[in-house]
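Novice: Mind looking over this structure? Questions follow.
Values quoted throughout were computed directly from the atomic coordinates according to the rules given, and no laboratory measurement underlies them. Bear in mind that the values here come from a model prediction, so they are computed numbers and not experimental data. Here the Cβ is made from the backbone with ideal geometry for all residues, glycine too, and neighbour counts use every protein chain on show.
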């Protein structure tokens with residue numbers, strides 16, 4: 001059964017993850033990060049203070065992590081990353097440098113002190129499996145994060161004409177007096193939304 005802990009495990013199996021932030025000009029910035037340690041309920045990672053990535057995290061903290069498994073599972077984690085307390089920095093550096101031995105060559109000896117360990121404990125997680133039909137989608141939270149509603153919903157204005165179901169590529173709309181979108185199988189493509197003659201479908205986000 002998929003849950004937040006399983007999603008974190010899958011991120012660990014992928015290993016090299018894409019981390020996205022926003023720079024001081026509002027432009028998106030993405031980079032591949034592998035200096036990571038995974039706990040069941042937290043993610044720790046290392047980056048150097050001189051890097052733009054580090055400065056963006058210190059200024060804002062918001063980060064989105066993305067991975068695609070070989071099974072066509074997309075996992076997206078949205079969170080605020082925070083530096084761990086000073087008295088924990090060396091401990092987590094030891095953990096990450098032991099697990100990611102290549103880092104010893106990148107930051108030999110005392111030069112690893114240029115880095116900061118950040119931690120993510122509260123996060124929204126989106127799981128999206130394109131390798132099944134219909135596709136599978138689920139949302140989870142880690143820590144104290146709150147789930148966001150996304151996608152589309154059919155309202156009471158539905159006239160039960162079936163146009164939405166006929167235009168759904170995943171056949172995930174159920175018939176009824178008011179038709180219903182199965183959110184766990186919805187692509188969020190918007191085809192139902194664009195084709196509804198009664199304009200009875202709303203975008204949740």
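Novice: Considering (1) more than 25 Å from residue 106 (Cα to Cα); (2) part of a helix (DSSP H, G or I), say which one residue 75 fails and leave the rest.
Specialist: Of (1) more than 25 Å from residue 106 (Cα to Cα); (2) part of a helix (DSSP H, G or I), only one is false for residue 75: (2).
Novice: Which numbered condition trips up residue 77, out of (1) in contact (Cβ under 8 Å) with a residue 60 or more places away in the chain; (2) more than 22 Å from residue 144 (Cβ to Cβ)?
Specialist: Only one criterion is unmet by residue 77, namely (2).
Novice: Looking only at the range 98-112, decide whether some residue is farther than 18 Å from residue 17 by Cα, surrounded by fewer than 16 Cβ atoms within 10 Å (Cβ to Cβ), over 17 Å from the mean Cα position of the chain (by Cα) and in contact (Cβ under 8 Å) with a residue 24 or more places away in the chain. Give the derivation first.
Specialist: Residues of the range 98-112 farther than 18 Å from residue 17 by Cα: 98, 104-112.
If we keep only those that are surrounded by fewer than 16 Cβ atoms within 10 Å (Cβ to Cβ) too, we end up with 98, 104-106, 108-111.
Retained after the next criterion (residues that are over 17 Å from the mean Cα position of the chain (by Cα)): 98, 104-106, 108-111.
Now restrict to residues that are in contact (Cβ under 8 Å) with a residue 24 or more places away in the chain: none.
No, that holds for no residue.
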